[in-house]
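Asker: Shown below is the structure under consideration.
The values are calculated or read from the model by the stated rules, or taken from the named source; none is laboratory data. These numbers come from a predicted model, not from an experiment. Every residue, glycine among them, receives a Cβ derived from its backbone with ideal geometry; neighbour counts consider all protein chains shown.
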Amino acid sequence: MNQHFKDIKVLLIGDFMVDQYIFCSSTRMSPEAPVPVLEPDDEFIVPGGAGNVALNMSKLGASVSCLGYIGSDSQGSELKKLLNNQKINTEHLHQISDLTTIKRRYYNNGKQVLRVDYEKVLEDWCPDTSSIKFDDYDVVILSDYDKGVLNNTWFSNIKNENIFVDPKKDDLSFYSNAKIITPNLNELEKASKLKIDNNDTLVEVCKSIIEKTNLEYIIAKKGENGMTVVGRDGFLSHINAHQVNNPDVTGAGDTVIAVLSLAYFKTKNIEKSAIIANAAAAVVVGKKGTSFSTMEDINNLLNKERIE
């Protein structure tokens, strides 16, 4: 699948955060509690949340502009620098006088043993969008981690025919009239208040949500069981997962929304786009920590499985 995305302009709206990784080793247990004493060997930070979506799209060649907020602390400044270094436009990524959301992960001998989150959610944040022409963008993505950027309905006034959403809210009507949303099974269960333990129930839940919210498609992410695509006009496709040894699912949803939106804008083929996004997710869960995929990675995986 030879896709090129360099001519696509994206406005990415969402919760930008820092993913910090601290890799440690341990040779002894603490005398104070039954826990290992960790000795840090290496640490680094990467863009997380919506920042990871931006990075995934930028690595695929898209032109990405960000809208959201981060803290005025050193972590926020470093995050902005990391995005700028990838030629991602942060003009509308506002630094405000609060903490940047940080997910700090500790690894011991290669395995994650602890995650500490630092965050402050702003319930009433509303950006000044008077200088933004939403219809100038080919794609608008809402990357919702429920950290404040999309906590009220200011974004419902966005006028663009290609709005793609990675949702977090229990009430999916927040995203009414978007083109595509990509919830996981847990998010669909919360939205429908139903236990989803088979594809038939899943499809009925998606059909009901589409009818209520005027979405065009729902891409239901099923983890190790792949994806199900349900469309407004009766479209249905079940896409199998790729086998991945020792998967690390960190950031997989970010990759799905990033790759899916670019592929669908380019091809207008929902099944083909979902297949590409599904393969991209398999690439990143095969890596440790927050990561991204390239078209070369995606094509190599698809070609390998086709041959086998």
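Asker: Out of all the residues in the stretch 1-36, which are touching a Gly at 6+ places or on another chain (Cβ under 7 Å) and among the aromatic types (F, W, Y)?
Answerer: F5, F16, Y21
Asker: Could you list, in sequence order, all residues of the stretch 248-277 that are β-branched (V, I, T), surrounded by fewer than 21 Cβ atoms within 10 Å (Cβ to Cβ) and not in a helix (DSSP H, G or I)?
Answerer: Of everything in the stretch 248-277, just one residue is β-branched (V, I, T), surrounded by fewer than 21 Cβ atoms within 10 Å (Cβ to Cβ) and not in a helix (DSSP H, G or I), namely V249.
Asker: Let me ask another. Regarding L202, is this residue in a loop (DSSP other than H, G, I, E, B) and free of Cβ contacts under 8 Å to residues at least 60 places away in the same chain?
Answerer: no
Asker: Looking at the stretch 135-152, which of the residues that are acidic (D, E) and in a loop (DSSP other than H, G, I, E, B) is surrounded by the fewest Cβ atoms within 10 Å (Cβ to Cβ)?
Answerer: Restricting to residues being acidic (D, E) and in a loop (DSSP other than H, G, I, E, B), the top hit is D146.
Asker: If I go through the stretch 103-134 residue by residue, how many of them are in contact with a Lys or Arg (Cβ under 9 Å, 6 or more places away or on another chain), surrounded by 13 or more Cβ atoms within 10 Å (Cβ to Cβ) and not hydrophobic (A, V, I, L, M, F, W, C)?
Answerer: 8
Asker: I've got another one for you. What are the residues in the stretch 84-102 that are surrounded by 20 or more Cβ atoms within 10 Å (Cβ to Cβ) and free of Cβ contacts under 8 Å to residues at least 40 places away in the same chain, if any?
Answerer: Within the stretch 84-102, I88, T90 qualify.
Asker: Could you list all residues from the stretch 161-183 that are of a type in the set (S, T, N, Q) and either modelled with pLDDT of 95 or more or part of a helix (DSSP H, G or I) (or both)?
Answerer: Within the stretch 161-183, N162, S173, T182 meet the criteria.
Asker: When you check N299 against the structure, is it assigned to a helix (DSSP H, G or I) and at pLDDT below 95, yes or no?
Answerer: yes
Asker: Please determine whether any residue of the stretch 141-159 is over 21 Å from G251 (Cβ atoms), touching a residue at least 12 places away in the same chain (Cβ under 8 Å) and acidic (D, E).
Answerer: No, the stretch 141-159 contains no residue that is over 21 Å from G251 (Cβ atoms), touching a residue at least 12 places away in the same chain (Cβ under 8 Å) and acidic (D, E).
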